[in-house]
Amino acid sequence: MPNADESRLVFDTLVKDFPAHYSEQARDFRRHAVGFAATVRGGQGMLWIGPAGLEFAQTPSSDGRQLKWDEVVDVDVLGSGASQPSVGSIFLLGAWSLLLDPKAPPVDVQVTLTDGTVVGATVLGSSGDDLRALVSGFRAAHVVTTSVQETHGIGALERLSAMHDAGKLTGDEFAAAKRELLGL
């Protein structure tokens, strides 16, 4: 039985050790993500937080509801305090187990989506401060990455336009290159 020595799972370690447990979709979405024991829709489950967004799943190896950062308007982490290292309880999720800090009170995580829907989970054995820091870090990295990609795309479009204006690209070549750059 795979075990974790703390209250969180690092997906990259799990997928390396147990690649057959995960769908291609889960591997892509959870790359570099951190998973927490949680109650999801009233039952035991996982909350994954990573570069691609948040995911609510029933077990570490099951596919869940994936929320990309672009779909997320707000993430409220309701709870505070830092967890203290201690001997904790075991949280079982199928063949997986997590060691939970009994001193860390449950932390509610509410995610508001662009369509107004609010989804949530209660994270067990981890602190609100730790969760807030993780969400903030991944969201900030996503914003920076997206900005760089958009800036690069704008720069490329400006270069294409300059090449077209200079007569180095025909109208058809410019239109085709622009469609490819914009993903149309």
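The values are calculated or read from the model by the stated rules, or taken from the named source; none is laboratory data. The shown structure was predicted, so the numbers you read here are calculated from the model rather than taken from an experiment. Backbone-built Cβ (ideal geometry, glycine too); neighbour counts: all protein chains shown.
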Report task. Among the candidates VAL119, VAL135, VAL109, single out the residue that is part of a helix (DSSP H, G or I), at pLDDT 65 or above and closer than 26 Å to ARG65 by Cβ. Result -> VAL135
Report task. Scan the stretch 39-48 and give yes if some residue there is of a type in the set (Val, Ile, Thr), more than 19 Å from ALA121 (Cα to Cα) and either surrounded by 15 or more Cβ atoms within 10 Å (Cβ to Cβ) or modelled with pLDDT of 85 or more (or both), otherwise no. Result -> no
Query - Every residue from the stretch 154-168 that is at pLDDT 75 or above and surrounded by 12 or more Cβ atoms within 10 Å (Cβ to Cβ) - result: LEU157, ARG159, LEU160, SER161, MET163, HIS164
Query raised in the report: With respect to ASP172, is the statement that it is at pLDDT 80 or above and either outside any helix (DSSP H, G or I) or basic (Lys, Arg) (or both) true?
Result: no
Query raised in the report: Looking at GLY35, GLY53, which one is among the small types (Gly, Ala, Ser), in contact with a Leu (Cβ under 9 Å, 6 or more places away or on another chain) and at pLDDT 85 or above?
Result: GLY53
**Report entry** Tally, over the stretch 13-29, of residues that are within 17 Å of GLN66 (Cα to Cα) and over 13 Å from the mean Cα position of the chain (by Cα)
**Finding:** 3
**Report entry** Contacts under 6 angstrom Cβ, first residue in the stretch 49-64 being among the small types (Gly, Ala, Ser), partner surrounded by 22 or more Cβ atoms within 10 Å (Cβ to Cβ) and modelled with pLDDT of 90 or more, 6 or more apart
**Finding:** GLY64/GLU55
Report summary line: Residue hits (the stretch 49-69; surrounded by fewer than 18 Cβ atoms within 10 Å (Cβ to Cβ) and within 8 Å of the chain's Cα centre (by Cα)) are PRO51, LYS68
